[in-house]
Amino acid sequence: MHKAHVLLHRDFAIGETDRRLFGAFAEHLGRCIYGGLYEPGHPEADEHGFRRDVMALVRELAPTILRYPGGNFVSGYNWEDGVGPIEERPRRLDLAWMSTEPNSFGTNEFMDWCRLTGIEPMLAVNLGTRGADAARNLVEYCNHRAGTTLSDLRRAHGWDKPHDVKFWCLGNEMDGPWQMEAKTATEYARRAVEAAKMMKWIDPTIELAACGSSGRNMPTFGAWEETVLDHCFDHVEFISLHTYLNNYAEDTPGFLASPDLMDSFIEEVVALCDAVAARRRSAKRIMLSFDEWNVWYRTRRNRQERVKENWPVAPEILEEVYTMEDALAFGGACISLLNHADRVKCACLAQLVNAIAPIMTETGGPAWRQTIFHPFAHMSNFGRGRVLRAEVESPTYATRYFDPRGTEDLYFPLPKTPYLKLAVVHDAAAGGLTLFALNRSLDSEMAVEVAAKGFGTLTAEESLEMHDRDLKAINSKADPDRIRPRRLTDLEVKGEHVRAVLAPASWNVIRLGGAK
Ligand code: AHR
């Protein structure tokens with residue numbers, strides 16, 4: 001059995017988790033919108049055509065903010081196509097996913113869906129095929145009260161009150177050659193600044209995220225952030241980061257170590273932001289919006305393959321079926337985000353339904369939870385509060401992570417990966433202390449001793465664990481709860497001391513009370 005020690009103190013904190021850290025993403029992509037959020041004619045559809053069974057699972061998952069409408073899709077999107085009478089909306093070829101976009105769901109339907117689920121809307125503007133003019137018009141359409149052609153158009157469409165969207169993304173992954181009208185850093189930065197200025201002139205209360213690199217393995221990573229921030233620093237509050245973890249190499253230890261590279265990515269982007277601030281002698285701190293993160297690798301295809309499908313509407317693409325092992329890597333990513341709560345003030349799980357998603361549906365049929373649903377729901381429901389600075393002493397292992405880029409094979413060494421990856425969140429108001437713990441050893445249990453200083457007498461609340469001897473086990477329509485959290489039984493709590501035994505290859509949530 002492995003042994004690990006954790007030392008923490010009530011007064012030593014990394015930072016407060018922002019509500020927006022627990023966000024998700026819904027793109028016009030495959031069956032995420034059509035057949036996912038929206039399926040008129042489904043037995044569970046409400047009067048808007050929204051699936052009630054999906055909304056019930058979303059409430060349980062508890063995302064707080066939802067990014068829309070893309071993703072790659074937004075870089076060719078005309079927002080005007082998605083408003084007004086549904087029967088008059090144009091059908092368009094979507095060059096992001098080589099499908100046909102019917103536009104029966106658009107901005108206003110998205111706002112209604114967010115309102116019904118209690119989720120904050122986040123909009124991305126098209127800085128690919130369009131630019132500042134279309135972006136400022138969308139802000140006016142959404143957020144201006146009344147008395148102009150665009151705000152009155154919204155009212156005529158049936159939405160009298162402004163949508164009051166606060167969080168806006170200035171395009172999507174503009175550094176990626178796969179993007180419609182991808183740009184060099186300078187080309188993008190100039191377009192983003194001009195859009196930002198005009199968007200904020202219309203509504204000075206909005207917050208803006210500039211595109212950072214679409215991955216740490218991009219050849220322009222670093223130089224891209226510096227150039228973009230040199231131009232945009234005074235105009236934006238956030239810079240974005242995207243990461244999709246993979247197990248292409250079929251190397252589970254490397255895959256489970258990969259969230260540690262998210263830690264590096266975050267810390268590197270913080271350094272880049274602060275270097276730009278330092279050059280300007282500025283006290284302003286750009287915050288990080290990790291607005292796409294997940295596991296994704298099995299269902300990646302290129303355009304040549306997709307175009308053979310003959311432009312379908314809502315095709316079954318990117319429908320990654322998640323395993324137990326994926327849920328573990330995913331849980332590691334949750335811990336990485338929590339442990340950077342001081343600077344990652346927004347994050348979006350990509351995506352919400354069907355396309356690389358925690359919720360799966362059958363068109364016309366049921367909806368169920370994928371394996372990754374559970375760590376996210378745990379993080380969102382129990383991760384609100386102050387993240388504490390925990391000192392972790394754990395045995396380590398040496399591994400490497402394979403993260404290819406185009407045709408180039410890239411290996412990232414991870415010579416000292418702790419078997420235990422952990423985050424601790426203190427919710428003083430509720431008196432709760434929650435430990436999120438990943439045991440990355442595939443064959444050893446881990447005895448974890450925690451000294452939680454400054455807490456007096458802690459009590460054991462319901463604690464949970466997820467593991468399965470078969471790391472490739474999945475949830476499916478036939479067996480929707482094969483992988484689900486169960487009670488963690490091997491747990492002792494005495495005063496400020498906690499001892500738990502974690503199963504090999506397990507995700508654990510230890511919930512303690514009495515922590516006022
Ligand atoms: O989430 C799927 C795609 O991944 C998004 O459209 C894009 O931004 C990223 O490359």
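Each reported figure results from applying straightforward, stated rules to the coordinates on display, with no laboratory input. Computed from a predicted structure; not experimentally measured. Glycine also receives a Cβ, built like all others from the backbone with ideal geometry; neighbour counts cover every protein chain displayed.
Using a simple charge model, +1 on the beta-carbon of Lys and Arg, -1 on the beta-carbon of Asp and Glu, nothing else, what dipole does the chain show about its Cα centre, in debye to the nearest 20? Working shown, then result.
Numbers: 60 positive and 73 negative charges, 173 e Å.
Around 840 debye, computed over the chain.
Just to check I understand the Karplus step: with θ = phi - 60° and J = 6.51 cos²θ - 1.76 cosθ + 1.60, what whole-Hz values come out for region 151-159, glycine and proline as x?
5, 6, 5, 4, 5, 5, 6, x, 10
What is the set of long-range amide H partners of Leu352 at a cut-off below 5 Å, with H atoms built 1.01 Å from backbone N?
HN-HN under 5 Å from Leu352: Phe25, Glu27.
Just check region 270-415 against the gyration tensor rule for me: Cα atoms, a ≥ b ≥ c as the square roots of the eigenvalues, rounded for a/c under 1.5, and otherwise prolate or oblate depending on whether a/b exceeds b/c.
Working: a/c = 1.66, a/b = 1.48, b/c = 1.12.
Prolate is the answer for region 270-415, as a/c is 1.5 or above and a/b outweighs b/c.
How far apart, in nm, are the 7 Å Cα→Cβ label points at Leu153 and Thr407?
With each label point 7 Å from Cα toward Cβ, the separation is 4.5 nm.
Which of Tyr322, Thr399, Val387 sits closest to the plus end of the dipole of region 275-403, meaning its Cα is farthest towards the positive end, when Lys and Arg get +1 and Asp and Glu get -1 on the C-beta?
So the residue furthest toward the plus end is Val387.
Could you work out how far the C-alpha centroid of region 1-45 sits from that of region 86-159, in angstrom?
24 Å
Pop the C-beta distance of Glu445 and Arg52 into the FRET formula with R0 = 51 Å and round what comes out to the nearest 0.05. Intermediate results must be reported in sequence, preceding the final value.
Working: r = 42 Å, r/R0 = 0.82.
Efficiency for this residue pair is about 0.75.
Mind giving me the FRET efficiency for Ala275 and Glu316? R0 is 41 Å, r the Cβ-Cβ distance, nearest 0.05 is fine. It would help to have the intermediate numbers written out before the result.
Details: r = 44 Å, r/R0 = 1.08.
The calculated FRET efficiency here is 0.40.
Residue-wise, which Karplus ³J(HN,Hα) couplings in Hz belong to region 368-377, taking 6.51 cos²θ - 1.76 cosθ + 1.60, θ = phi - 60°, and x for glycine or proline?
Karplus-based 3J(HN,Hα) across region 368-377 equals 8, 8, 7, 4, 6, 3, 5, x, 5, 4 Hz.
What lysines does Lys197 reach when the alpha-carbon gap must be under 17 Å and sequence neighbours fewer than 8 apart in one chain are set aside?
Lys166
Using the basic label-point model (7 angstrom from Cα toward the beta carbon), what is the Arg91 to Asp479 distance in nanometres?
4.0 nm
Farthest toward the dipole's positive end in the chain, which of Cys232, Ala124, Met466, given Cβ charges of +1 (Lys, Arg) and -1 (Asp, Glu) about the Cα centre?
The residue sitting most towards the positive pole is Cys232.
List the residues, sorted by chain then number, that are 5 or more residues from Glu445 or on another chain and whose placed amide H is less than 5 Å from its amide H.
For Glu445, the qualifying residues are His2.
Report the net charge of residues surrounding Leu438, where surrounding means a beta-carbon distance below 14 angstrom and charges are Lys +1, Arg +1, Asp -1, Glu -1. Display every interim value, and only then the final one.
Working: positive: Lys421, Arg440; negative: Asp260, Asp263, Glu325, Asp326, Glu445, Glu465.
Cβ neighbours under 14 Å give a net charge of -4.
Let's test the formula: R0 of 25 Å, r as the Cβ-Cβ distance of Lys308 and Thr363. What FRET efficiency results, to the nearest 0.05? Present the calculation step by step, with values, prior to reporting the outcome.
Values: r = 21 Å, r/R0 = 0.86.
The value I calculate is 0.70.
Can you give me the C-alpha center-to-center distance between region 273-290 and region 459-516, rounded to a whole angstrom?
Centre-to-centre distance over Cα atoms comes out at 39 Å.
To the nearest 500 deg cm²/dmol, what mean residue ellipticity at 222 nm is calculated for the chain from DSSP H runs of n ≥ 4 alone, each contributing -39,500 (n - 2.57), summed and divided by the residues? Could you put the intermediate results ahead of the total?
Numbers: 11 runs with 126 residues, N = 516.
After summing the helix terms and dividing by the residues of the chain, the value is -7500 deg cm²/dmol.
Note down the net charge around Gly364, summing +1 for each Lys or Arg and -1 for each Asp or Glu among other residues with Cβ under 11 Å from its Cβ.
Result for the neighbourhood of Gly364: -2.
In whole Hz and in residue order, list the ³J(HN,Hα) couplings for region 459-472 that follow from phi through the Karplus curve 6.51 cos²θ - 1.76 cosθ + 1.60, θ = phi - 60°; x for Gly and Pro.
Karplus values, whole Hz, x for Gly and Pro: 10, 8, 9, 5, 10, 10, 9, 10, 7, 7, 4, 9, 5, 9.
Using alpha carbons only, how many degrees (0 to 90, rounded to 10) separate the axis of helix 223-232 from the longest principal axis of the chain?
Tilt relative to the chain: about 60 degrees.
Where both partners of a DSSP beta bridge lie in the chain, what percent of those bridges are antiparallel, to the nearest 5? Show your work: numbers first, answer last.
Details: 57 of 98 bridges.
Percent antiparallel among DSSP bridges in the chain is about 60.
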